[in-house]
Amino acid sequence: MEKKSEILRIVVEDILRLLAEEGKKATSEQINQEAKASQPFILEAIDTLIENKLISSDKGLFYLTPKGEDAAENILEKHLFLERYFKDTKGKKKAHEISHIFEHYISKEVLDNLKKLSTFKGMGSSLSGLKGDSGFITDIDLETKQFERIISMGVFPGEKIRVLAKLPNGLVFKVENKKIFASWEIAKGIKVLGYAEA
């Protein structure tokens, strides 16, 4: 279960992205449809955005302020890049869904790595078949619940990955400073480009 502060951050980012996509203004109804959170979270996110002078409201419409435009553009740019990155391998609809998940978790460093890796998209092998022990994640091809779970643990395309141990029922790998166990089924869905191949 995600912490309240994490859910609030995600709702805030969703509202900013929506406003950027909709020409800097949106109705409460549009925000409610996009945010996919309970009403108390949406209202708290709106209050937070107004307090931080990122949005303003007038006659039932919400507008980006100049300060909000900068924040919204960064979120939208990240979303659109991720959508383009995954469109060829996942299809337009799935790429859009994936981007909605990734945009909230991916750091600037990982995004930069992903931009560099975009020329290697579709290349590499599954983590279970990685030659050597280190590489970069180029794709994650798992069913939705497994995909969301692995993303929530900080495993993204563009991240450096190192296999620490292979076990009978899966493997242990390291991403950043986190050690993670993945079953062989999940490891097959994580596509990796070894350092020697890049």
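If one computes the Cα centroid of region 76-144 and of region 146-198, what distance in Å separates the two points?
Between the Cα centres of region 76-144 and region 146-198 lies a distance of 13 Å.
Under a point-charge model restricted to the Cβ atoms of Lys and Arg (+1) and Asp and Glu (-1), what is the dipole moment magnitude of the chain relative to its Cα centre, in debye to the nearest 20?
760 debye
Once amide H atoms are built 1.01 Å from N in the peptide plane, which residues 5 or more positions from Gly170, or in another chain, come under 5 Å H to H?
For Gly170, the qualifying residues are Trp184.
Quick one: 3J(HN,Hα) in Hz for region 40-50, Karplus 6.51/-1.76/1.60 with θ = phi - 60°, rounded, Gly and Pro as x.
Result, rounded to whole Hz: x, 5, 5, 5, 5, 5, 4, 4, 4, 5, 5.
Can you give the angle from 0 to 90° between the axis of helix 108-117 and the longest principal axis of the chain, with both taken from C-alpha atoms, to the nearest 10?
Orientation of helix 108-117: about 50 degrees from the principal axis.
Scale the Cα Rg of the chain by the rule-of-thumb value 2.2 N^0.38 Å and send over the ratio, two decimals.
1.13
Express the relative contact order of region 115-194 as a whole percentage, based on alpha carbon pairs under 8 Å and six or more residues apart in sequence.
About 42 percent, as a whole number.
Using only alpha-carbon positions, what ratio does the radius of gyration of region 93-195 give when scaled by 2.2 N^0.38 Å?
Rg over 2.2 N^0.38 Å, computed on Cα atoms: 0.98.
Give me the net charge for the shell around Lys67: Cβ to Cβ below 14 angstrom, other residues only, Lys and Arg +1, Asp and Glu -1.
-2
Please state, to two decimals, what the Cα-based radius of gyration of region 30-89 comes to when divided by 2.2 N^0.38 Å (N = residues).
Computed over Cα atoms of region 30-89, the ratio equals 1.32.
So what is the relative contact order for region 1-104, in percent, with contacts set as C-alpha pairs under 8 Å and at least six apart?
26 percent
Relative contact order (percent) for the chain, with alpha-carbon contacts under 8 angstrom and 6 or more residues of separation?
Once divided by the residue count of the chain, the mean separation gives 17 percent.
With all pairs of different alpha carbon atoms counted, what Kirkwood hydrodynamic radius in Å does region 1-104 show?
Across region 1-104, the inverse of the average 1/r is 13.9 Å.
Under the rule of -39500 (n - 2.57) per DSSP H run of 4 or more residues, summed and divided by the residues of the chain, what mean residue ellipticity at 222 nm is obtained, to the nearest 500 deg cm²/dmol?
-16000 deg cm²/dmol
For helix 92-102, report the angle its Cα long axis makes with the longest principal axis of the Cα atoms of the chain; keep it between 0 and 90° and round to the nearest 10°.
90 degrees
Bear in mind these aren't lab numbers, they're just calculated from the coordinates by the rules spelled out. Everything quoted here is computed from the prediction, not taken from an experiment. Methodologically, a virtual Cβ is constructed for each residue, glycine included, from the backbone with ideal geometry; neighbour enumeration extends over all protein chains shown.
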